[in-house]
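In what follows, a single structure is set out as structure tokens and then discussed.
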Amino acid sequence: MHVVMKEIEVLHNVPIPTWFGVGGAADSLVRPRNEDDVRRALLMDADARVLGDGANLLVDDDGVRELVIDLKGSALKGVEIERSTGRVIAQAGADLPRLILEVVRAGLSGLEGLGGIPATVGGAAVMNAGGAFGQIADVVVAVEGYERTGSRFRRERGEVPYSYRHSGLHGLILTRVELQLTPADPKVLRDRLKEVMAYKKSSQPMADHSAGCCFKNPTLPRDLSTRDGAAIGKAGSRISAGMLIDMAGCKGLRIRGAEVSFRHGNFLVAHEGARARDVIELMDEVARRVRETFGVELEREVVVWRRVSR
Ligand code: EPU
């Protein structure tokens, strides 16, 4: 018998969960039960927004009007791990930290450097999540999903213009990501993962409400030094935005409920009762101070969703 799936259920006025723990609701939201539901959602609203783990997202206090496709709350969490070849196929809503644990246990190398990064696999592939210990682009072999017209696409790694925290995939809706990992000793991988997590625990406020690093690490347009002439970095090098924010004296800077972490300058923390606009104002103020002190323009890494009228 041919079973026809019922129409996808649209929920209204749903709070959007983000790691900042602040911000408004979605006027409407869907939780896909399968990949075809993503296509249906796009046919309802071609401007739909995609919610991953909400780990690098700030939603303004007014929330958003466009349909939100909730990957984290969807059923798109399947993961296939082929131990012998190292090939992994993950659906876009699969949890990255959980996948990292599974592949480390299976003795597959390539994701252990991404320990401590909260994300869905789809979100990580679109943002090119990573840090000093690796980036997901290094193991992606293909991505699949839907274009906004609802037609299916597949892009091989060579067709994705990956660079630092960039994929060029933002306009597309991923439903699965294919990774190529390398067989290795699980014990070595476990130790490496522990090391990465320990480094982050010691240098980042992991327990606070934040979106991790707020700004991308900038590439210096010219040699940079402190007022007393000590070298900070050479022209063309990428340096830590957190270090610049720190050196510009921003640690502890507070606007109402939002504060620059004392532990890492690139982490903006939302305290109890904070509003999204507190965080937005603080981001602007931090960028202004860094521009004034060093003449360096910081670019946001955190994605900000704002209500736009159609
Ligand atoms: N530093 C300071 N003050 C600070 C922060 C950093 O002096 O407030 C110094 C550190 O002491 C260190 C250097 O700056 O000597 C680099 O710091 P860190 O190792 O923390 O690296 P980062 O460049 O600031 C990047 C990623 C992080 C990632 C870490 C570790 C970006 C924007 N940030 O930070 O990613 O966790 O490396 O791999 O690329 C994120 O993207 O959300 C994120 C947290």
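The values are calculated or read from the model by the stated rules, or taken from the named source; none is laboratory data. Keep in mind it's a predicted model, so treat the numbers as computed, not measured. Virtual Cβ from ideal backbone geometry, glycine too; neighbours counted across all protein chains shown.
Residue by residue, here is whether (1) closer than 30 Å to Ala48 by Cβ; (2) surrounded by 16 or more Cβ atoms within 10 Å (Cβ to Cβ); (3) within 14 Å of the ligand (Cβ to nearest atom) holds:
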| position | (1), (2), (3) |
| --- | --- |
| Arg154 | yes, no, no |
| Ile173 | yes, yes, no |
| Lys201 | no, no, yes |
| Cys214 | yes, yes, yes |
| Ile245 | no, yes, yes |
| Gly265 | no, yes, yes |
Of the residues in segment 230-243, those that are near the ligand (Cβ under 8 Å from one of its atoms) and among the small types (Gly, Ala, Ser) number 3
When restricted to Gly158, Gly134, Gly113, the only residue out of contact with any Leu (no Cβ under 8 Å at 6 or more places or on another chain) and within 16 Å of the ligand (Cβ to nearest atom) is Gly113
* Being modelled with pLDDT of 95 or more, more than 25 Å from Val302 (Cα to Cα), outside any strand (DSSP E or B) and within 15 Å of the ligand (Cβ to nearest atom), is that true of even one residue in segment 181-190? -> no
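Within segment 63-162, which strands (runs of 3 or more DSSP E) (wholly inside it) include 2 or more residues that are without any contact (Cβ under 8 Å) to a residue 60 or more places away in the chain? Working first, answer last.
Numbers: elements: 64-70, 79-82, 87-91, 140-146, 152-156.
Hits in segment 63-162: 64-70, 79-82, 140-146, 152-156.
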Result of the Cβ filter at 8 Å on segment 285-310, keeping first residues that are within 12 Å of the ligand (Cβ to nearest atom) and hydrophobic (A, V, I, L, M, F, W, C) and partners that are at pLDDT below 95 and not in a loop (DSSP other than H, G, I, E, B), at least 6 apart or interchain, is none
